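Below: one structure, written as structure tokens.
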Amino acid sequence: MDLQSRKVTNEMKVDLCSKYFMIGFAFLPFVWLVNAVWFFKEGFVKEEFEGQQKIKKYVILSGIGSLIWTIGFISWIVIFDQNRVAWGATADYMSFNIA
Amino acid sequence: EKLKNTGNVNGVILPGIKEGKWKDKIPRAQSDDIPCPNQDSSLYSDLESRCGSTQRPWNPDGENLLWKNWDFPIFLINDGNTTAKLYDCYAEHNTGPEATTWPLCSVELKSPMYAAKDSETCYRRSNIIVSIEPQDYCEPLSDYNLYYFQTPRNGTQPDGRSFVQKEKSVAVVLARMDALNIFDKEEVGFDSPTTGIVTLIATAQAIKKALIRSYKPDYENIMFMLVHGESLDYIGSNRIVYDMMQEDFPMKLSKDLQSNGILKNGTQALFNLTNIKYIVELGQLANTQSSEMYYHAHNTNEDIIGIINRLSASPLDIKKSTRTVLPPSSSHTFLKKMPDIPILFISNFDQQYSNVYFHSIYDNALVHNYKYSAGENQRIVQHLTQIATALADALVFAAAADTQSTPKADPGIINSMLECFAETRNCSLYRDVGRPRNFPYVGIVSDEPFAQYISVHSSFHTTMTKQIFQYFTADVVEQEEEECGDVDSCQKQCLMRNKDQMVYRYQFMVGPDCHNQTGAFCGVCYKSTVFEKLARSPAFEPDVWKTYDFTSNEYPTWTESYWKSISGRMFLQPSPAIQHTTLAIGLTLTLLSLPLTYFLQKKSSIIFEDGASVTGAAGSNTPAPVAL
């Protein structure tokens, strides 16, 4: 959907942004990231319009959410990578594809 | 070792000595094993006893190539043409006044292995069910042990009662069946194990020919065993002892009774460690250096003394060893579970191996001066005949009350067996003992002997050894009046006799009169008491391995990694300058193309005049998001 087109009203934009935000709670951090990036221009660069506050809120929250997930993923990856060999059997049972 | 530590070595190629530039360039001594073979599974707990003595260990030439971690490939190339080409390429391109600063002539060696860390880990990983395509990383070493009872052991006596073997009533003769070195499919050992196998079978045949009619009161039978995988911490003997202790030798009688007699036509009575009277083990027996033989006795009792005396009285030159500890031998496994079994270990060495090529690719017929064409009267054949005769005589003297004749070993069969085990698989004995629809009448028959490595599945070496053993100790089944038909139906009828019984093993082999140049045209049914039993470490039994402590050293836990095909290739490498240039050009092109593409797109309306209108306003570059 081209947000620049005149056919897309502001209400639709707000609705879309909030929908994406809700969907992201289903363990979908990438949806949050997409939400944040896509609506960033709408929320912070364009001039004031009705509902822009909401978009701003959703963009910020989505951004924070995906950031937390990213930090979580990176931490787990680093820990597992360092300790996989030391954990022996437990690590093997956690792995899906060894070697 | 030193080369490895420099970290500069990426791979090693060893040229073979069978042909080509390095033909017959055999080192004075070389052994891939450690100075104290199988030291971790020894009966003794102190290093001094495990080694014989740390100053003068059993295997002084042991370089320990087998048990070290090599992180580069080591290839053996036997083909003379290839090794010549390798050397010529090096001589031409890598040395001399025009030599380049980089290795112009290079070789790539590929030897991919799947397993990692240790047996416990890779075996566990192989057994984790995670997807519909399970991945195996390693397999436990496994083959078959062979055992032969001089007298058939029918589980039910003629009067209907079941037969129970008396305690300490069976004399056991034992030898190992496998060889080991670092090169796959090159594991053929002349002194170890071939001389032992050949002598054991010849002894069994000699005793069979002597025809024991009855035993002395405290003897009920004589058992011969060929155990596999002994080079790797006694895999075969560990399994045999385990089976005996689980009441699974020769078969699980309890299971049979439960399922209401699968073997209704005949079972064998159980046999376990308590039935063993003593063990005579045959070690390395070749007389390459000298014909002196030695015996190492353990738990000596009057039975052992009797055998020793009888052996000493024979023409065999045999002396008592000056060592007080038992050399590495399969008997260790039996003693660990039953420490009072009397053992007599016969070998060609006293304090240190006389075989300087123990567990090496150089332990071959050439080095031990054996050639089939030299006939029965050559030194080694006569020597082994002498040992077999003396041993057969001593056993018969001790065990038998009444025989038809005195046992004498046959040098002809010893020579035939040595040809097949040590010289070539294209030998007349394999043609006699082969089955009509199997080797050597089916498939390619090359000139190398079969590898004697335990491997992870049954091997030709084991199968042919079993057939040879059966051939020399079996009775021919006389045909009834009507002919059995053609080869296939004769074979089927013969093998049908194996159904539902475990007292005899019927084998259909071609025999000496049934083959000619074109192949096998008939066969003979042999009735034998030679059986095989799985030789895989008890640690990998389904109900053992999950809770087994792999660090406990109770059972051997050797596995072999899965591997993809092994290959190598030789090529001329371009100079580093060329490689760097190629990389630089590539990078430049990539970096140039990015701004170029950007500009092309930006000015696309100017460059491409007709028609093609970009979506959105002219000059707009924003990519359209995906429509919902």
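The values are calculated or read from the model by the stated rules, or taken from the named source; none is laboratory data. Source: prediction; values computed, not measured. Don't worry about glycine lacking a Cβ; one is built from the backbone with ideal geometry, like all the others, and counts go over all protein chains shown. Keep in mind that these areas ignore ligands, DNA and RNA; they rest on the heavy atoms of the full protein, side chains included. Shrake-Rupley method; radii C 1.70, N 1.55, O 1.52, S 1.80 Å.
One residue alone among B:Leu66, B:Leu109 is touching a Lys or Arg at 6+ places or on another chain (Cβ under 9 Å) and within 30 Å of A:Ile98 (Cα to Cα), and that residue is B:Leu109.
Scanning region B:31-43 for residues that are open to solvent by 20 Å² or more (accessible area, probe 1.4 Å), out of contact with any Leu (no Cβ under 8 Å at 6 or more places or on another chain) and touching a residue at least 40 places away in the same chain (Cβ under 8 Å) returns a single hit, B:Asp40. Quick one: would you say A:Gly43 is modelled with pLDDT of 90 or more, part of a helix (DSSP H, G or I), more than 10 Å from chain B (Cβ to nearest Cβ) and open to solvent by less than 50 Å² (accessible area, probe 1.4 Å)? Answer is no for this residue. Residues that are within 14 Å of chain B (Cβ to nearest Cβ) and open to solvent by 80 Å² or more (accessible area, probe 1.4 Å) were ranked within region A:1-29; the one that is nearest to the chain's Cα centre (by Cα) is A:Ile23. Could you tell me which of the residues B:Pro97, B:Pro134, B:Pro140 is over 30 Å from B:Lys23 (Cα atoms), open to solvent by 50 Å² or more (accessible area, probe 1.4 Å) and either away from chain A (no Cβ under 14 Å) or out of contact with any helix residue (DSSP H, G or I) (no Cβ under 6 Å at 6 or more places or on another chain) (or both)? Exactly one of B:Pro97, B:Pro134, B:Pro140 is over 30 Å from B:Lys23 (Cα atoms), open to solvent by 50 Å² or more (accessible area, probe 1.4 Å) and either away from chain A (no Cβ under 14 Å) or out of contact with any helix residue (DSSP H, G or I) (no Cβ under 6 Å at 6 or more places or on another chain) (or both), namely B:Pro134. Scanning region B:530-548 for residues that are in contact with a Pro (Cβ under 8 Å, 6 or more places away or on another chain), in a loop (DSSP other than H, G, I, E, B) and touching a residue at least 40 places away in the same chain (Cβ under 8 Å) yields a single hit, B:Ser537. Total residues in region B:103-148 satisfying the condition of being in a loop (DSSP other than H, G, I, E, B) and touching a residue at least 24 places away in the same chain (Cβ under 8 Å): the figure is 10. Residue-level check: of (1) assigned to a helix (DSSP H, G or I); (2) at pLDDT below 95, B:Asp447 misses just (1). Of all residues in region B:492-507, those that are more than 15 Å from B:Tyr526 (Cβ to Cβ) have Cβ atoms under 8 Å from Cβ atoms of residues that are open to solvent by less than 60 Å² (accessible area, probe 1.4 Å) and among the polar types (S, T, N, Q), 6 or more apart or on another chain, in B:Gln501/B:Thr267; B:Met502/B:Thr267; B:Met502/B:Gln268.
Going residue by residue through region B:155-174, is there one that turns out to be in contact with a Pro (Cβ under 9 Å, 6 or more places away or on another chain) and closer than 22 Å to B:Ile240 by Cβ? Checking region B:155-174: not a single residue is in contact with a Pro (Cβ under 9 Å, 6 or more places away or on another chain) and closer than 22 Å to B:Ile240 by Cβ. Out of curiosity, is A:Gly88 out of contact with any strand residue (DSSP E or B) (no Cβ under 8 Å at 6 or more places or on another chain) and within 14 Å of chain B (Cβ to nearest Cβ)? In short, yes. Only a single criterion out of (1) within 14 Å of another protein chain (Cβ to nearest Cβ); (2) surrounded by 12 or more Cβ atoms within 10 Å (Cβ to Cβ) is not satisfied by A:Phe96, namely (2). Scanning region B:456-514 for residues that are part of a helix (DSSP H, G or I), modelled with pLDDT under 95 and charged (D, E, K, R) yields a count of 2. One residue is enough: does region A:67-85 have a residue meeting the conditions at pLDDT 80 or above, within 14 Å of chain B (Cβ to nearest Cβ) and in a helix (DSSP H, G or I)? Yes. Cβ separations smaller than 8 Å between residues 6+ apart or across chains give the following pairs from region A:70-93 residues that are closer than 30 Å to B:Phe550 by Cβ to residues that are small (Gly, Ala, Ser): A:Phe80/A:Ala91; A:Asn83/A:Ala91; A:Arg84/A:Ala91; A:Arg84/A:Ser95; A:Val85/A:Ala91. Please pick out the residue among B:Ser455, B:Ser459, B:Ser428 that is on the phi < 0 side of the Ramachandran plot and in contact (Cβ under 8 Å) with a residue 40 or more places away in the chain. Matching residue, one of B:Ser455, B:Ser459, B:Ser428: B:Ser459.
Among all residues of region B:521-529, there is at least one that is out of contact with any helix residue (DSSP H, G or I) (no Cβ under 7 Å at 6 or more places or on another chain), closer than 30 Å to B:Lys492 by Cβ and not in a loop (DSSP other than H, G, I, E, B).
In region B:208-218, the condition of being touching a residue at least 40 places away in the same chain (Cβ under 8 Å), aromatic (Phe, Trp, Tyr), open to solvent by 20 Å² or more (accessible area, probe 1.4 Å) and farther than 28 Å from B:Glu541 by Cβ is met by at least one residue.
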